[in-house]
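A.B. asks: Here it is: the structure, laid out below.
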Amino acid sequence: MGIKSISKVLNICFSPTGATKKAAEFLISGLGLRSETEFVDLSDPDFQKDSISVDRDDLCVLALPSFKGRAPAEAMERLEMIDGNNALMILLCSYGNREYEDTLLEMRDGAVKAGFIPVAGVAAVTEHSKLRSVAKGRPDDADEETLAAFAEKIFNELSTKEDSEYNLFVPGNYPYKVLPESYATIVHGGDCLDCEACLKKCPVRAIYKDKDGYHTGANCIGCMRCVAICPKGNRRMTESEEIFISKILSDSKNIRKEYELFL
């Protein structure tokens, strides 16, 4: 199947704060396809597989952030619900200027398990969701140009290869990195509009409220969506977590890592 026969492009994305989605859109735009683009939101708490149909001649982009060197478990679980139907898939892993470790490898394995054919991988630096001063504003104009150049290379690759020739290599290790147990990192302040935006948009429904106000459950994945969308800036990490994250990322603040392409 040649790239000129692509029916539609599916942007299959888990982007709690919007930066991952922005990078994926830059990449898709750079492909220069006239095909219709459909957005599939894996971070939607009401995600339903029945609303998604993947055809053999679709081109899919799977865009996920790296959470501590791994793909978000919730996103991978939702990906497995989709029948890939042997459609071609480009992988885009975003990370906050530190490391993405086993994320692309886990994404590739998950894509194959769901029935997709991975054809390219991109590691994209985006503004760190927990410490916004790290990689602030990325993807920026220079990153958009880089993604456009990557897209051209991917386009040329898809124009010359047959499906059976794809054997995508991406970095990572087996077994995947062991993650710490989940824990709540986000707390609710006092200046609240009671709009329930955080509660309604949490990808894992970790936020609930009772007569005493809003609370964050132990299943919080620290994705920072509630912090990003709160109109009053009322959601935040605990002070101890802010100090911990700042120490971990201290070496990343003054380094500009560049994007990587795997074909």
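A.B. asks: Efficiency by 1/(1 + (r/R0)^6): what FRET value for Asn86 and Ala149, r their Cβ-Cβ distance, R0 = 30 Å, to the nearest 0.05?
C.D. replies: Numbers: r = 28 Å, r/R0 = 0.93.
It comes out at approximately 0.60.
A.B. asks: While we're on this one: Rounded to the nearest 5, what % of the DSSP beta bridges within region 1-101 are antiparallel ones? Mind dumping the intermediate values first?
C.D. replies: Values: 1 of 19 bridges.
Given both bridge residues lie in region 1-101, the antiparallel proportion sits at roughly 5 percent.
A.B. asks: For region 162-235, state which GluC sites (Glu not before Pro) are in a DSSP loop and have at most 15 other beta carbons lying within 10 Å of their beta carbon. Don't jump to the answer; show the numbers that get you there.
C.D. replies: Values: sites: Glu162, Glu165, Glu181, Glu196; in loops: Glu162, Glu181, Glu196.
Those that pass, being in a loop and sparsely packed, are Glu162, Glu181, Glu196.
A.B. asks: Still on this structure: Counting other Cβ atoms within 10 Å, keep those with at most 12, restrict to DSSP loop, and tell me which trypsin sites (Lys or Arg not before Pro) in region 97-170 are left. The partial results should precede the final answer.
C.D. replies: Values: sites: Arg98, Arg108, Lys113, Lys130, Arg132, Lys136, Lys153, Lys161; in loops: Arg98, Lys130, Arg132, Lys136, Lys161.
Passing both the DSSP loop test and the Cβ count: Lys136.
A.B. asks: Between the DSSP loop rule and a limit of at most 12 other Cβ atoms within 10 Å, which trypsin sites (Lys or Arg not before Pro) in region 197-241 are left?
C.D. replies: Details: sites: Lys200, Lys201, Arg205, Lys209, Lys211, Arg225, Lys232, Arg235, Arg236; in loops: Arg205, Lys211, Lys232.
In loop regions of region 197-241 (DSSP not H, G, I, E or B), the sparsely surrounded trypsin sites (Lys or Arg not before Pro) are Lys211, Lys232.
A.B. asks: Hey, another quick one. Expressed as a fraction of 2.2 N^0.38 Å, the rule-of-thumb size for a compact globular protein of N residues, what is the C-alpha radius of gyration of region 91-138?
C.D. replies: In units of the 2.2 N^0.38 Å rule of thumb, it is 1.31.
A.B. asks: Convert each backbone phi in region 217-227 into a coupling constant with the Karplus relation 6.51 cos²θ - 1.76 cosθ + 1.60 (shift: θ = phi - 60°), then list the ³J(HN,Hα) values in order as whole Hz, x for Gly and Pro.
C.D. replies: So the Karplus estimates, Gly and Pro as x, are x, 5, 8, 4, 9, x, 6, 6, 4, 4, 5 Hz.
A.B. asks: Any chance you could run the full-extension gain for Asn173 through Glu258? It's 0.36 nm times the residue separation minus the Cα-Cα distance, nm to one decimal.
C.D. replies: Working: separation 85, 0.36 × 85 = 30.60 nm, distance 2.14 nm.
Full extension from Asn173 to Glu258 adds 28.5 nm.
A.B. asks: A 25 angstrom limit on the alpha carbon distance is what I want to check against. Which of Lys68/Lys201; Lys113/Lys136; Lys8/Lys136; Lys8/Lys161; Lys68/Lys211; Lys68/Lys257 exceed it? Before the final figure, lay out each step's value.
C.D. replies: Working: Lys68/Lys201 22 Å; Lys113/Lys136 35 Å; Lys8/Lys136 32 Å; Lys8/Lys161 19 Å; Lys68/Lys211 34 Å; Lys68/Lys257 17 Å.
Too far apart for the 25 Å limit: Lys113/Lys136; Lys8/Lys136; Lys68/Lys211.
A.B. asks: So which cysteines of the chain have no other cysteine's Cβ under 4.7 Å from theirs?
C.D. replies: Flagged as lacking a Cys partner: Cys13, Cys60, Cys93, Cys192, Cys195, Cys202, Cys220, Cys223, Cys230.
A.B. asks: Would you kindly state how much longer the chain becomes between Glu242 and Arg56 on full extension, computed as 0.36 nm times their sequence separation minus their alpha carbon distance, in nm to one decimal? Spell out each step's value before the answer.
C.D. replies: Numbers: separation 186, 0.36 × 186 = 66.96 nm, distance 4.52 nm.
Difference between extended and current length: 62.4 nm.
A.B. asks: Let me ask another. Can you give the Kirkwood hydrodynamic radius of region 1-41 from its Cα pairs, in Å with one decimal?
C.D. replies: Values: mean 1/r = 0.0916 Å⁻¹.
After inverting the pairwise mean of 1/r, the radius is 10.9 Å.
A.B. asks: Would you kindly work out the equivalent ellipsoid of the chain from its C-alpha gyration tensor and give its semi-axes, the square roots of five times the eigenvalues, largest first in whole Å?
C.D. replies: On the way: eigenvalues 206, 83, 55 Å².
Ellipsoid semi-axes (Å, largest first): 32, 20, 17.
A.B. asks: If amide H atoms are built 1.01 Å from N in the plane of the peptide, which residues on other chains or at least 5 residues away come under 5 Å of the amide H of Ile207?
C.D. replies: For Ile207, the qualifying residues are Gly217.
A.B. asks: Under a Cβ-Cβ cut-off of 10 Å, what is the net charge of the residues other than Lys49 that fall near it, where Lys and Arg count +1 and Asp and Glu count -1?
C.D. replies: Details: positive: Arg78; negative: Asp50, Glu80, Asp83.
Charge balance in the 10 Å sphere: -2.
A.B. asks: Within region 1-115, what whole-number % of the accessible surface is contributed by carbon and sulfur, with the 1.4 Å probe and all protein chains included in the calculation? Provide the component values of the computation, followed by the final result.
C.D. replies: Values: 1780 of 4340 Å².
Ligands and nucleic acids excluded, carbon and sulfur give 41 percent.
A.B. asks: Follow-up. Once phi is turned into ³J(HN,Hα) by the Karplus curve 6.51 cos²θ - 1.76 cosθ + 1.60 with θ = phi - 60°, what whole-Hz value does each residue of region 41-50 show in order, with x for glycine and proline?
C.D. replies: So the Karplus estimates, Gly and Pro as x, are 8, 6, 8, 6, x, 9, 3, 10, 5, 5 Hz.
A.B. asks: So, one more: Can you list residues whose amide H is under 5 Å from Gly115's amide H, if they're 5+ apart or on another chain and H is modeled 1.01 Å from N?
C.D. replies: Gly84
A.B. asks: In Å², and per residue, what accessible area does the chain have when probed at 1.4 Å with the other protein chains present?
C.D. replies: Working: 12640 Å² over 263 residues.
Each residue of the chain exposes 48 Å² on average to a 1.4 Å probe.
The values are calculated or read from the model by the stated rules, or taken from the named source; none is laboratory data. All of these numbers come straight from a predicted model, not from anything done at the bench. Cβ atoms come from the backbone with ideal geometry, glycine included; neighbour counts cover every protein chain shown. Heads up: the accessible areas ignore ligands, DNA and RNA and are worked out on the full protein's heavy atoms, side chains in. Shrake-Rupley method; radii C 1.70, N 1.55, O 1.52, S 1.80 Å.
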